[in-house]
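Worksheet for the structure shown next.
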Amino acid sequence: MLKDFHFNETIVWPEKQRVAVTLTFDFQGGEDVRPFPNGTIDNEEYTQCEYGPNTAIWRILRILAEEKVTATFMTCGGIAERYPDAVKAIVAAGHEVAGHGYHHECARDLTLDQEDEVMRKTVAMNASRAGYRPMGWRSCTQSANSIELLMKHGFLWNSNSFSHDLPFLWESDGKCLVELPRQPFGDGRTYHDDHGNPNDTLAVWKAMFDDFHDESKNHPAYVPFQFHPYISGRPGRSRTLRGII
């Protein structure tokens, strides 16, 4: 039986820091664009998504290097397959490559066997491009089978839950998985389906950080920032990314 365990009062960050901050990028592209019923694709939307692996990734890697911070790239297997140089550059810069489905599948729409196969394929492809197997995962939504399948495939952590502020553990049949929660303030929401004001987004992100930082006077805090290269890597928005760093 799947159980969750929380250790909020005993969590301690390295060097007794008050706040842990994660920068994660959901690295996807045109795989996210679903065909219309007649089989055609919205080319405008497709090329906007393809801006991520073609153009934005290089701007983001430059910003991270200049700001001297490392991040995790939740990488679709299909992106790793089509853009091996981008994945190699991520690894060379010291960032982590994790899993994000193969073609950004909606996990809740998959059978157990289908989701199992998506994880297997993504692990194999990302490992072949990154030089090591991914140990973390974030899917497009999550199914009732996801947690135990991640344990089966030997993942160390998952990042899909919005239910808590601090990381916690999943346990089932003696196997454990760390959950790194996320907040509903990722760029996919703050930019309102590819629209929105970068200054407003920065205000939302800064308010989240400031609240957690204030609370960290009393207990450790965890601040997860979630971005997409094709959204936050656009000119103007990349300044917002740099600003929150």
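The values are calculated or read from the model by the stated rules, or taken from the named source; none is laboratory data. Remember, predicted model here, so these are calculated numbers, not experimental data. We place every Cβ from the backbone using ideal geometry, glycine too, and count neighbours over all the protein chains shown.
Of the helices (runs of 4 or more DSSP H) contained entirely in the stretch 1-104, those carrying at least 2 residues that are among the β-branched types (V, I, T) fall at 57-67, 84-92.
The set of residues from the stretch 167-182 being of a type outside the set (D, E, K, R) and either surrounded by fewer than 17 Cβ atoms within 10 Å (Cβ to Cβ) or modelled with pLDDT under 95 (or both) comprises L169, S172, G174, C176, V178.
Between a first residue in the stretch 210-239 that is of a type in the set (A, V, I, L, M, F, W, C) and assigned to a helix (DSSP H, G or I) and a second residue that is at pLDDT 95 or above and buried (at least 22 other Cβ atoms within 10 Å of the Cβ), which pairs have beta carbons less than 6 Å apart while being 6 or more apart in sequence or on different chains? As it stands, the answer is F212/A221; I231/D187, since those pairs meet every condition given. Of the set (1) modelled with pLDDT under 95; (2) crowded, with 21+ Cβ neighbours inside 10 Å, all apply to F27 but (1). If you check R129 against the conditions, is it of a type in the set (K, R) and either in contact with an Asp or Glu (Cβ under 8 Å, 6 or more places away or on another chain) or not in a loop (DSSP other than H, G, I, E, B) (or both)? Spelling it out, R129 is indeed of a type in the set (K, R) and either in contact with an Asp or Glu (Cβ under 8 Å, 6 or more places away or on another chain) or not in a loop (DSSP other than H, G, I, E, B) (or both).
In this structure, R82 does not satisfy being within 16 Å of S232 (Cα to Cα), charged (D, E, K, R) and either more than 17 Å from the chain's Cα centre (by Cα) or crowded, with 20+ Cβ neighbours inside 10 Å (or both). When L166 is tested against the conditions (1) of a type in the set (A, V, I, L, M, F, W, C); (2) under 16 Å from the mean Cα position of the chain (by Cα); (3) part of a loop (DSSP other than H, G, I, E, B), the lone failure is (2). Of the candidates F155, F185, the single residue that is out of contact with any Asp or Glu (no Cβ under 9 Å at 6 or more places or on another chain), over 25 Å from D116 (Cα atoms), surrounded by 14 or more Cβ atoms within 10 Å (Cβ to Cβ) and modelled with pLDDT of 95 or more is F185. In a residue-by-residue description of the stretch 49-60, the property of being out of contact with any helix residue (DSSP H, G or I) (no Cβ under 8 Å at 6 or more places or on another chain) and of a type outside the set (S, T, N, Q) applies to no position.
Scanning the stretch 105-125 for residues that are acidic (D, E) and either assigned to a loop (DSSP other than H, G, I, E, B) or under 18 Å from S159 (Cα atoms) (or both) returns E105, E115, D116. Kindly indicate whether A124 is buried (at least 17 other Cβ atoms within 10 Å of the Cβ), over 16 Å from the mean Cα position of the chain (by Cα) and within 19 Å of I79 (Cβ to Cβ). No; evaluated as a whole, the condition is false for this residue.
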